[in-house]
Amino acid sequence: MNIRFAGEQLKEDTWLDKQSHTSLQRLLPRLDARFKEQVDADEWQNYLQRLKYHFPRLFKCLYHVYGAQYDFFYHLENILASATQMWLERPSELKALDAMREADPHWYQSNRLVGAMCYIDLFAGDLQGMFERIPYLKEMGINYLHLMPLFKEPEGDNDGGYAVSSYREINTKIGTMEQLSELAGELRARGISLCLDFVFNHTSDEHDWAQQALAGDPEYQSYYRLFPDRSMPEAYEKNLITIFPDERPGSFTYRNGLKKWVWTTFHNYQWDLNYENPIVFSRMLEEMLFLANQGVEILRLDAVAFIWKKLGTTSQNLPEAHVLIQAFNAVVHIAAPAMVFKSEAIVHPDEVSKYISEEECQLSYNPQLMALLWEALATQDVNILRHAMERRFSIPENCAWVNYVRCHDDIGWAFSNDDVAAFNLDPGAHRHFLTRFYTGKFEGSFARGLPFQEDPETGDARVSGTCASLTGLEKAVEEKDEAGVDLAIRRIMLLYGVTLTIGGIPVIYLGDELGALNDYTYDQDLEKVGDTRWVHRPPFDWGKVEERHDPKSISGRVYHGLLRLIQIRQQNLAFTRSETEIVDTGNKHVFGYFRNHDHYNVLVLANFSGLPQSLEARRLRMLGLRKTVVDLVAGKAITATRELLLDPYDFMVLAKPSH
């Protein structure tokens with residue numbers, strides 16, 4: 001670092017520390033006068049202790065973004081007052097959870113944690129139905145439940161619930177906010193943490209704030225990014241990337257009632273919020289803490305990359321986006337410390353990792369791992385996967401990945417061009433190959449998927465499809481190919497085996513555990529037609545649940561295979577709060593890694609080839625393995641004198657034999 005720059009930075013930090021201290025000393029008497037008498041004295045002191053600890057970083061974040069505004073200290077006081085009021089309203093059982101989580105702040109790194117995700121209406125009908133489905137989740141070993149968007153939304157187009165009309169009201173078809181709070185309490189009592197989405201880049205155009213803006217209220221118009229003509233939108237669009245090119249060009253929508261252009265990054269009914277306005281930060285903070293007070297323990301921050309805009313840039317992954325999330329994080333540590341953030345950043349892998357820290361997002365989706373698992377399955381070659389994981393799997397030690405085979409969204413090829421080019425492949429052509437492979441257009445493909453958001457000019461596209469259909473189960477069942485069914489189930493176990501053991505929180509899209517296939521009837525629904533993602537969002541088949549204990553049924557084979565992998569994870573301390581060391585197995589078809597915790601360690605091997613593979617025994621012993629090991633998946637001892645043999649799509653967890 002330049003010595004002069006370092007000196008200036010130190011001087012600025014010292015000044016900020018002094019201003020932070022002075023500001024808090026001025027604000028504390030005002031907070032005392034307003035709130036102290038409303039709560040027990042000891043409880044108030046505990047709250048102030050957290051406030052004093054986290055205020056300096058909150059101040060620095062807010063000053064960085066809003067410090068130039070003449071009324072900065074007015075907004076600072078309002079933000080603290082909002083946080084304090086929301087803390088006062090926090091139920092006592094959640095304050096008890098706060099204390100537990102402060103004692104064990106990295107609880108999310110436990111090997112016991114296994115996640116599931118679902119749409120409430122598709123899985124259980126409504127919130128009341130969710131109560132009845134908790135025993136099924138417990139049977140699977142689920143203790144982290146992500147419920148897909150359930151807030152009030154527009155009729156018709158609503159981006160699958162990601163166009164929010166109110167953060168404090170539930171879609172009436174699903175239930176009420178009171179029911180959600182009750183469900184969160186029941187889940188918590190059964191050891192299951194609730195995860196919800198927080199769509200904070202935009203609201204729907206039917207949100208009260210947008211409606212007030214449409215009615216001409218200038219205050220609410222300042223909540224969004226509105227422009228009187230095309231001059232500024234055109235200036236911005238010189239650098240912006242269109243998110244849904246097959247729907248419309250650009251990122252702005254004209255509203256004739258307003259006679260203004262609205263910034264709409266995603267769909268024309270989703271209005272981007274204007275975080276340059278500190279009131280927007282304060283109002284969204286209140287919505288965030290309201291959800292924390294309903295019992296939400298993990299908050300998925302949607303579209304984190306887009307929340308700050310700047311002319312002359314792509315308006316993605318800007319420094320201010322990180323600062324805003326860090327500010328939200330600081331306030332949550334003060335007012336609801338039991339809740340953690342999970343980032344959703346489907347961007348370049350190097351940008352994804354920048355959102356991950358204890359002071360920003362403790363958890364993050366791992367879209368790179370997801371994409372490269374599918375890449376390795378199509379190519380039967382793990383070189384790119386191994387290369388990328390060696391370079392990018394490591395994150396701050398007190399954070400965790402959220403690993404998934406697929407989710408509610410499409411599969412995008414979110415890996416680095418550099419990682420592909422390192423093996424003399426053209427990144428664009430390779431992505432086209434993967435899209436063709438998983439949409440069944442490549443000769444010899446086992447997959448049955450559909451393209452999503454296909455760009456007619458470039459041919460770029462993402463892929464929709466359930467795990468089972470993309471791994472060949474749909475094709476094998478249709479063709480009555482028993483050998484194909486067996487291989488498809490092996491592929492499912494392979495993919496989920498990696499996500500369950502590589503490090504982080506594994507999340508299962510409910511239905512995958514039963515081998516759910518694509519649902520092509522979505523195209524008959526006018527609200528879903530054209531959005532191929534609905535092909536992998538079928539109604540949950542409770543009939544298949546009845547078959548789950550039948551070892552001859554496909555559902556039973558998939559269910560018990562996955563259950564076995566979950567049990568291995570939850571019962572082996574090598575997977576808790578542990579390190580992951582990616583290794584070169586010496587075979588381009590076999591992915592391998594060690595998991596280490598204290599004196600517990602295992603070697604995980606995954607054969608991505610449809611043919612048997614072998615590993616040299618000498619290489620395994622060089623890695624520290626004994627001649628005889630136990631495969632925890634197969635439940636048997638293996639002696640590898642000269643070589644270790646793996647069956648097609650074999651998944652092994654190798655440990656020392658117990659004595």
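Once the piece of chain linking Gln571 and Asn268 is laid out straight, how much longer is it, given 0.36 nm per residue of separation minus the C-alpha distance between them?
Net length gain for the segment: 104.3 nm.
Give the residue from Ser222, Ala41, Leu373 lying farthest towards the positive end of the charge dipole for the chain; charges sit on Cβ (+1 for Lys and Arg, -1 for Asp and Glu) and the dipole is referred to the Cα centre.
It is Leu373.
Quick check: the distance between the Cα centres of segment 198-232 and segment 125-178, to the nearest angstrom?
26 Å
Roughly how many Å² is the accessible area per residue of the chain, as a whole number, for a 1.4 Å probe?
41 Å²
Can you tally the net charge around Glu375? Count Lys and Arg as +1, Asp and Glu as -1, for every other residue whose Cβ sits under 11 Å from the Cβ of Glu375.
Once positives and negatives cancel, what remains is -1.
Just to confirm the number: angle between the C-alpha axis of helix 278-293 and the first principal axis of the chain, 0 to 90 degrees, nearest 10?
Roughly 50 degrees, rounded to the nearest 10.
Mean separation of Cα pairs under 8 Å and 6+ residues apart, divided by the residue count of segment 399-469: what relative contact order is that in percent?
31 percent
For Phe200, enumerate residues with amide H under 5 Å from its amide H, sequence gap 5+ or separate chain, H modeled in the peptide plane.
The answer is Asp302.
Kindly work out what percent of the DSSP beta bridges joining two residues of segment 186-331 are antiparallel, to the nearest 5.
Of the beta bridges lying entirely in segment 186-331, close to 65 percent run antiparallel.
Can you pull the percent of segment 206-318's accessible area that's carbon plus sulfur, 1.4 Å probe, other chains left in place?
48 percent
Compute the signed sum of charges (Lys and Arg +1, Asp and Glu -1) over the other residues within less than 13 Å, Cβ to Cβ, of Asn143.
That sum, taken over residues with Cβ under 13 Å, equals +3.
With a cut-off of 18 Å, note down the residues of segment 461-499 whose backbone N falls inside the zone around a label point 7 Å from the Cα of Leu425 toward its beta carbon.
461-463, 471, 495
Please list, in order along segment 313-324, the HN-Hα scalar couplings obtained from phi with the Karplus expression 6.51 cos²θ - 1.76 cosθ + 1.60 (θ = phi - 60°), rounded to whole Hz, x for Gly and Pro.
10, 6, 6, 10, 6, 6, x, 5, 4, 5, 5, 4
Please report, as a whole percent, how much of the solvent-accessible surface of segment 36-185 comes from carbon and sulfur atoms (probe radius 1.4 Å).
Roughly 48 percent, rounded to a whole number.
Could you tell me which residue out of Val604, Pro456, Tyr275 lies farthest along the dipole of the chain toward its positive end? Charges go on the beta carbon: Lys and Arg +1, Asp and Glu -1, centred on the Cα centre.
Of Val604, Pro456, Tyr275, it is Val604.
Using only Cα atoms and rounding to the nearest 10 degrees, what angle (0 to 90) does helix 72-88 make with the longest principal axis of the chain?
60 degrees
Compare the peptides 473-482, 91-100, 444-453 by average per-residue count of other Cβ atoms within 10 angstrom and give them in order, highest first.
444-453, 473-482, 91-100
At 7 Å along Cα-to-Cβ for each site, give me the label-to-label distance between Glu102 and Asp550 in nm.
For Glu102 paired with Asp550, the spin-label model returns 5.4 nm.
I'd like the orientation of helix 554-571 relative to the chain: the angle between its Cα long axis and the longest Cα principal axis, in ° from 0 to 90, rounded to 10.
70 degrees
Say a paramagnetic label sat at a point 7 Å from the Cα of Phe131, along Cα to Cβ; which residues of segment 144-180 have their backbone N under 14 Å from it?
Counting only backbone N, you get 175-180.
Can you figure out the FRET efficiency of Lys656 with Lys52, using R₀ = 60 Å and their beta-carbon distance, to the nearest 0.05?
Efficiency computed from Cβ-Cβ geometry: 0.80.
Rounded to whole Hz and in sequence order, give me ³J(HN,Hα) for segment 107-116 from the Karplus expression 6.51 cos²θ - 1.76 cosθ + 1.60, θ = phi - 60°, writing x for Gly and Pro.
My calculation for segment 107-116 gives 4, 6, 8, 5, 5, 6, 6, 9, x, 9 Hz in order.
About the Cα centre of segment 545-587, what is the dipole size in debye to 20, counting +1 per Lys and Arg Cβ and -1 per Asp and Glu Cβ, all else neutral?
180 debye
Between Tyr74 and Arg391, what length comes free when the chain is fully extended (0.36 nm per residue of separation minus the Cα-Cα distance, one decimal in nm)?
Once the chain is fully extended between Tyr74 and Arg391, it gains 109.6 nm.
Please count, across segment 508-659, the pairs of lysine residues with Cα atoms under 22 Å apart that sit 8 or more places apart or on different chains.
So the count works out to 4.
For Lys310 and Glu234 in one chain, what is 0.36 nm times their gap in residues minus the Cα-Cα distance, to one decimal in nm?
Roughly 26.0 nm would be gained on extension.
Quote the charge dipole size of the chain about the Cα centre in Debye, to the nearest 20; the model charges only the Cβ of Lys and Arg (+1) and of Asp and Glu (-1).
2000 debye
Taking R0 as 25 Å, what FRET efficiency do you get between Lys259 and Glu320 from their Cβ-Cβ distance, rounded to the nearest 0.05?
0.30
Straight-line reach from Lys95: which lysines have a Cα under 27 Å away, not including same-chain ones fewer than 8 places off?
By straight Cα distance, Lys95 reaches Lys36, Lys52, Lys60, Lys138, Lys342.
Quote the charge dipole size of segment 500-619 about the Cα centre in Debye, to the nearest 20; the model charges only the Cβ of Lys and Arg (+1) and of Asp and Glu (-1).
Dipole of segment 500-619, to the nearest 20 debye: 520 debye.
So what is the relative contact order of segment 484-573, in percent, for Cα pairs below 8 Å that sit 6 or more residues apart?
Relative contact order of segment 484-573: 33 percent.
Got the relative contact order for the chain handy, in percent, Cα pairs under 8 Å and 6 or more residues apart?
11 percent
Determine the sum of side-chain charges near Ser82: Lys and Arg each +1, Asp and Glu each -1, restricted to other residues whose C-beta is under 10 angstrom from that of Ser82.
Net charge around Ser82: -1.
Of all DSSP beta bridges in the chain, what percent run antiparallel (nearest 5)?
Expressed as a percentage, antiparallel bridges in the chain total about 60.
Taking θ as phi - 60°, what are the ³J(HN,Hα) couplings along segment 13-18 by the Karplus curve (6.51, -1.76, 1.60), each to the nearest whole Hz, with x for Gly and Pro?
With the stated coefficients, segment 13-18 comes to 4, 4, 4, 5, 4, 5 Hz.
So for the chain, taking the charge dipole from beta-carbon charges (+1 Lys/Arg, -1 Asp/Glu), which of Ala655, Leu494, Ser204 sits furthest toward the positive end?
Ala655
For the chain, what is the mean residue ellipticity at 222 nm derived from helices alone (per DSSP H run of n ≥ 4: -39500 (n - 2.57); sum divided by total residues; nearest 500 deg cm²/dmol)?
Rounded to the nearest 500, it is -13000 deg cm²/dmol.
For segment 14-85, state which chymotrypsin sites (Phe, Trp or Tyr not before Pro) are in a DSSP loop and have at most 11 other beta carbons lying within 10 Å of their beta carbon.
Answer in residue order: Tyr70.
Of the beta bridges DSSP finds with both residues in segment 117-271, what % are antiparallel, to the nearest 5?
65 percent
Starting from segment 548-621, pick out the trypsin sites (Lys or Arg not before Pro) whose DSSP state is loop and whose Cβ has at most 15 other Cβ atoms within 10 Å.
Listed in order of number, the matching sites are Lys552.
Say R0 is 56 Å: what FRET efficiency, to the nearest 0.05, do Lys11 and Ile243 get from their beta-carbon distance?
0.85
The values are calculated or read from the model by the stated rules, or taken from the named source; none is laboratory data. Keep in mind it's a predicted model, so treat the numbers as computed, not measured. Here Cβ is always computed from backbone atoms with ideal geometry, including for glycine, and neighbour counts include all displayed protein chains. Heavy atoms of the whole protein, side chains included, go into the accessibility calculation; ligands, DNA and RNA do not. Shrake-Rupley method; radii C 1.70, N 1.55, O 1.52, S 1.80 Å.
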